[in-house]
Amino acid sequence: MEVGTIREQIIIALLIYKFGYENIRLPAITSSEVDIFLFNKPVSIKTIKMKLTTQKSNKLSGSGIKLIWTVDWEKVKNFCNIYEPKSELLLVEVVWEQTGGFYYIPLEVQKEIFELLGKEEYLFKHREGTNPRGVELSNKAIKMMLEKDQTKKLEIYWTKENQSEELLYQPYKRWVELWEKD
């Protein structure tokens, strides 16, 4: 989850750069489905990192795009019972050394596909008795949403300039250095 949070922060920074601080608002920390408000519209940000081999054979299947993270089966059942799309969706597909995408899926598209498929086909939940790690968008739903004309896509070729140890994310380094100064 921490990696997902870092990815979201990078995407939010891009949105701030593009649209300005005045058009971005962060929700309460307890908000589970909304990551930002962009021009006062609720937006959920989802990221998926595809493997090079997966990318070649299975272009953005939707597998692993979590709507909720939990290992509690009661929470899974409750989420599935009450779920309906409530926000715009930004989906970022990272594929190192290949082309991925930045998708904007309007709320109207999500609602249309949700109504068409119903909860059972729109949502994917693992078999009870397994470790679900949450509820996902079904492959069928995500593919249908991406095919809609209203869904916008910006293709991105993802490269890693240098994979040296110095460039790896070190979340505590900055704070350790600040503490050392005192």
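The values are calculated or read from the model by the stated rules, or taken from the named source; none is laboratory data. Here the structure is a predicted model, which is why all the values come from computation and not from measurement. Using ideal geometry, Cβ is built from the backbone for each residue, glycine included, and neighbour counts are taken over all protein chains shown.
State all residues of the stretch 92-122 that are of a type in the set (A, V, I, L, M), modelled with pLDDT of 95 or more and surrounded by 15 or more Cβ atoms within 10 Å (Cβ to Cβ); if no residue qualifies, say none. Scanning the stretch 92-122 gives 105, 107, 109, 113, 117.
Among all residues of the stretch 56-63, there is none that is among the basic types (Lys, Arg), assigned to a helix (DSSP H, G or I), buried (at least 16 other Cβ atoms within 10 Å of the Cβ) and modelled with pLDDT under 90.
Of the listed requirements (1) at pLDDT below 90; (2) of a type outside the set (A, V, I, L, M, F, W, C); (3) under 17 Å from the mean Cα position of the chain (by Cα), residue 170 misses just one: (3).
For the stretch 15-33, indicate whether the set of residues that are in contact with a Ser or Thr (Cβ under 8 Å, 6 or more places away or on another chain), at pLDDT below 95 and under 23 Å from residue 152 (Cβ atoms) is non-empty. Don't jump to the end; show me each part of the working.
Just the residues of the stretch 15-33 that are in contact with a Ser or Thr (Cβ under 8 Å, 6 or more places away or on another chain), to begin with: 33.
The next check asks that each one be at pLDDT below 95; those that pass are 33.
Remaining after also requiring under 23 Å from residue 152 (Cβ atoms): 33.
There is at least one residue in the stretch 15-33 that is in contact with a Ser or Thr (Cβ under 8 Å, 6 or more places away or on another chain), at pLDDT below 95 and under 23 Å from residue 152 (Cβ atoms).
For the subset of the stretch 71-90 comprising residues that are out of contact with any Asp or Glu (no Cβ under 9 Å at 6 or more places or on another chain) and β-branched (Val, Ile, Thr), which member is surrounded by the most Cβ atoms within 10 Å (Cβ to Cβ)? Applying the filter and picking the extreme gives 71. For the stretch 4-24, a residue qualifies if it is exposed (fewer than 13 other Cβ atoms within 10 Å of the Cβ) and either within 11 Å of the chain's Cα centre (by Cα) or among the charged types (D, E, K, R) (or both), and the qualifying residues are 5, 18, 22.
Has the stretch 102-113 got at least one residue that is within 29 Å of residue 160 (Cβ to Cβ), of a type outside the set (S, T, N, Q), over 17 Å from the mean Cα position of the chain (by Cα) and not in a helix (DSSP H, G or I)? No, the stretch 102-113 contains no residue that is within 29 Å of residue 160 (Cβ to Cβ), of a type outside the set (S, T, N, Q), over 17 Å from the mean Cα position of the chain (by Cα) and not in a helix (DSSP H, G or I). Of all residues in the stretch 96-146, those satisfying the criterion of being within 14 Å of residue 83 (Cα to Cα) and hydroxyl-bearing (Ser, Thr, Tyr) are 122, 138. Does residue 128 count as surrounded by 13 or more Cβ atoms within 10 Å (Cβ to Cβ) and within 26 Å of residue 69 (Cα to Cα)? Judged against the criteria, residue 128 is not a match. One residue stands out in the stretch 131-161 among those that are closer than 30 Å to residue 75 by Cβ and polar (S, T, N, Q): the one that is surrounded by the most Cβ atoms within 10 Å (Cβ to Cβ), namely 138.
Do we find that residue 48 is at pLDDT below 90 and surrounded by 15 or more Cβ atoms within 10 Å (Cβ to Cβ) in this structure? Lay out the reasoning, then the answer.
Details: at pLDDT below 90: yes; surrounded by 15 or more Cβ atoms within 10 Å (Cβ to Cβ): yes.
Here the answer is yes, as residue 48 does meet what is asked.
Scanning the stretch 67-80 turns up at least one residue that is touching a Lys or Arg at 6+ places or on another chain (Cβ under 7 Å), in contact (Cβ under 8 Å) with a residue 12 or more places away in the chain, of a type outside the set (Asp, Glu) and not in a loop (DSSP other than H, G, I, E, B).
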